Every structure is written in structure tokens, then in C-alpha cells.
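Student: Structure in C-alpha cells, see below.
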Amino acid sequence: MPNSSGGGSRPKRRGGSSAPYLLLIPSLLATAVLLGWPLVKNLVISFQNLNPRQLILHLTEWTGFSNYQEALGSDVFWRVTLRSIVFTSINVVLIMVLGTLVGLLLARLGRRMRTLLLLGLVLAWAMPTIAGTTVFQWLFAQRFGVVNWILAELGWTSMADYNWFGSQVSTFSVVILLIVWQSIPFVAINLYAATTTISKELYEAASLDGAGAWKSFTSVTFPHLKPFLWATTFLEVIWVFKALTQVYAINRGGPDRLTEILPLYAFVEGPGNQHYGMGAAISFLTIAILLVLTAYYLRTVLKQGEDEL
């Protein structure tokens, strides 16, 4: 007989509500071991005077905030910081503009051309950083470099033996070109994937309202891609800001340390000069700058979410 007191069967309580949290435990442990512990160790070193003598004698010399005070009181640190911000800004603007254009081009191409372009983008994206940097060193080599040979053949004979790594501006130009080339595939492929989620009916409605290509982009495409563009810009800022490998491999921060950015500056002042406490302090100041950028990004995203509600 049916239970008359309950007025119907009661829904069963779902079990395993803690399962998602249990699944997070391995990744949290891996993050704590591989990222958290090195950060804590680095923070401890930043408050010490640590050099080969201390390492050999197993001495611990606590210096408090002296490493941070020395770094923040140095004109070199602020010049490198400003250089890093300008370097990151130029790269991110070029990456986002060119990557967006290539992504929109992928959405307009036919299947065969799209596949060919996607293949080229994936190959460029999959190339290891050091391998790509080595290729650019060959391309811009002073003697027997392809770029100098092409420029000389086009009539710029003075560029036949031009040293691209002899000045700050030309070295940064090569590094920026390298980083933009390596970053465009990520932006373009992800933006193209985002465009596939936009309903074609929206474009049809816009065309019925008399919207042209630009109006369709501003009224349909861009609003749907805006969250993606924000997220991708933020990721590119972090990736470019810590682009130590390319800058170091191209010219080791030269000439005369004029192309050093903050990660490379921390490496040179730390392991390079064997003053590990100073290097750790500079690296944590770099992390602090990235945290400020992260906080600004999250604040902007949350504000957009509130406006949409």
C-alpha cells in the first residue's frame, strides 16, 4: 500500500557530494609540492644574505628586508621594471591585434585553406621555445643571415652586414618579432573556436537590419568574443612578462644589459652574481607586480559580471 502520510515518495538524498572535492586533492597536493614549496623556500631565501660562502659553511645570515630595500632603492630596478612594462605592452598589443585578425580570417576561409593555415599555426605553436629562438638567431645573423641577405638584394646594401644584436632597439625588435610569432597561434586558434559558438541567425538578423561587415563585427562578433579577449589578454600579459627564455637565449640581455627584463634581471642578480638572496627578493617583487595585474583583471571581470546581471 502507498504511504498515505508522506503524500508521495520523498526524493532520495544524493550521495557522494564530497566527490568533487576529493578529486581536487591530487591536483592541490601537486600544486603545493611543485609550486607552493619552492615559493616558500624562495621567500625564506629573500630574507637572507646567501652566497657561496654561506652555502659552503652552512651558515644562515638573516638580513630582514635589506634585500628588498636595496632592490627598491636601486635606479636599475626601476629602469628594468619600466622596460618590462613597455616591452610587455608592445608585445601584448601586437599579439592580440594580429591574433584576432588571423582568427577572424580562419572563420572566413574555406575548409581547405583553413586547414592549411591551422596546420601552419599549430606547427609554429608546437615548436620548442629554444628551437624557435635559434631559428631567429640564424635568420638575423650578421653574416650569412637570411634577413640581411634579402634586404641587401632589395636595395638596402647597408644592411648586408647589419648587427641586429648590437643595439637595444634592434635586439628588442627581434625578440618582439619572435614572441609575437610564437603567441599568435594560441590567440588565433582559440578565437576561431570562439567564433564557431556564435549563432549564424544573429548575423542574418544583423544583415536584415542593414548592417555591413563592420557593423556586424561590432554588434555581434565583438560582444560575444569580449570575455575571451579579456581572458586571453590576461594570459598573454603573464606569458610575455616572464619571457626569460627568449630574451636570454637571443642575446643574454645584451648589449650591456640593456634588454634585461625583470625575470632575467632576477636571474643575473641572483645565480649570475651568486647573490641568491637578492635574486629571490627581485623575483618576489616580480610576482607582486603580476599579482597586482591579476587583481585588476579579476576586479574588471567581476564588475562586468555585475553589469550584465
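The values are calculated or read from the model by the stated rules, or taken from the named source; none is laboratory data. Computed from a prediction, not measured in an experiment: that's the story for all the values here. Ideal geometry is used to build each Cβ from the backbone, glycine not excepted, and the neighbour counts take in all protein chains shown. These area figures cover heavy atoms from the full protein model, side chains too; ligands, DNA and RNA do not enter into them. Shrake-Rupley method; radii C 1.70, N 1.55, O 1.52, S 1.80 Å.
Student: As a test of understanding, state the convex hull volume per residue of the chain from its alpha carbons, in Å³.
Tutor: It comes to 280 Å³ per residue, whole-number rounded.
Student: If packing is taken as the average number of other Cβ atoms within 10 Å across a peptide's residues, how do 106-119, 19-32, 175-188, 214-227 rank, most packed first? Let's see the in-between values first.
Tutor: Numbers: 106-119: 12.8, 19-32: 9.9, 175-188: 21.5, 214-227: 14.5.
Result, highest mean first: 175-188, 214-227, 106-119, 19-32.
Student: In whole percent, what relative contact order does segment 185-309 give with Cα contacts below 8 Å and a gap of six or more residues?
Tutor: 15 percent
Student: With θ set to phi - 60° and the Karplus curve 6.51 cos²θ - 1.76 cosθ + 1.60, what are the ³J(HN,Hα) couplings of segment 63-71 in order, to the nearest whole Hz, using x for Gly and Pro?
Tutor: Karplus values, whole Hz, x for Gly and Pro: 10, x, 9, 5, 5, 5, 5, 5, 5.
Student: Right, here's the next one. Over all directions, what mean area does the Cα convex hull of segment 150-309 project, stated in square nanometres?
Tutor: In nm², the orientation-averaged hull projection of segment 150-309 is 14.5.
Student: Could you work out [θ]222 nm for the chain from helices alone, using -39500 (n - 2.57) per DSSP H run of at least four and dividing by all its residues? Round to the nearest 500 deg cm²/dmol.
Tutor: -22000 deg cm²/dmol
Student: So, one more: Taking 0.36 nm per intervening residue step and subtracting the Cα-Cα distance, what contour gain separates Q168 from S17 on full extension?
Tutor: 48.6 nm
Student: Something else about it: Give the relative contact order (percent, whole number) for segment 124-227; include only Cα pairs under 8 Å separated by 6+ residues.
Tutor: About 20 percent, as a whole number.
Student: Leaving out ligands, DNA and RNA, and with a 1.4 Å probe, what % of the accessible surface on segment 236-293 is carbon or sulfur?
Tutor: Ligands and nucleic acids excluded, carbon and sulfur give 63 percent.
Student: Quick check: convex hull of the Cα atoms in segment 47-129, volume per residue, rounded to a whole Å³?
Tutor: 149 Å³
Student: On a full-extension model of 0.36 nm per residue, what is the gain between L118 and A193, subtracting their alpha-carbon distance, rounded to one decimal in nm?
Tutor: So the extension gain works out to 25.8 nm.
Student: With just the Cα atoms of segment 99-158, tell me how far they stretch along each of the three principal axes, in Å, largest first.
Tutor: That works out to 42, 29, 20 Å along the principal axes.
Student: Tabulate in residue order the Karplus-calculated ³J(HN,Hα) for segment 140-145, using 6.51 cos²θ - 1.76 cosθ + 1.60 with θ = phi - 60°, rounded to whole Hz; enter x for Gly and Pro.
Tutor: 9, 5, 5, 10, 6, x
Student: Could you state the number of Å between the C-alpha centres of segment 231-309 and segment 115-147?
Tutor: Cα centroid of segment 115-147 versus Cα centroid of segment 231-309: 24 Å apart.
Student: Then there's this: Quick one: work out Rg over Rh on the C-alpha atoms of segment 43-197, Rh as Kirkwood radius. Working shown, then result.
Tutor: Working: Rg = 22.4 Å, Rh = 19.6 Å.
Reported Rg/Rh (Cα atoms, Kirkwood Rh): 1.14.
Student: While we're looking at this one, here's another question. Provide the three semi-axes, in whole Å and in decreasing order, of the ellipsoid equivalent to segment 245-309 as defined by the square roots of 5 times the Cα gyration tensor eigenvalues.
Tutor: In descending order the semi-axes read 34, 15, 7 Å.
Student: Something else now. Relative contact order for the chain: what percent, with Cα pairs under 8 Å and sequence separation of 6 or more?
Tutor: Value for the chain: 25 percent.
Student: Further question: Can you list the lysines whose alpha carbon is less than 22 Å from that of K226, not counting same-chain residues fewer than 8 positions off?
Tutor: K200, K215, K303
Student: Show me the helices of the chain, taken as full DSSP H stretches, that run 20 Å or more along their long axis by Cα and average -0.5 or above in Kyte-Doolittle hydropathy.
Tutor: The answer, listed by residue number, is 75-108, 111-126, 168-195, 222-241, 276-308.
Student: Let me ask something additional. With the other protein chains left in place, how much accessible area per residue, in square angstrom, belongs to the chain at a 1.4 angstrom probe?
Tutor: 64 Å²
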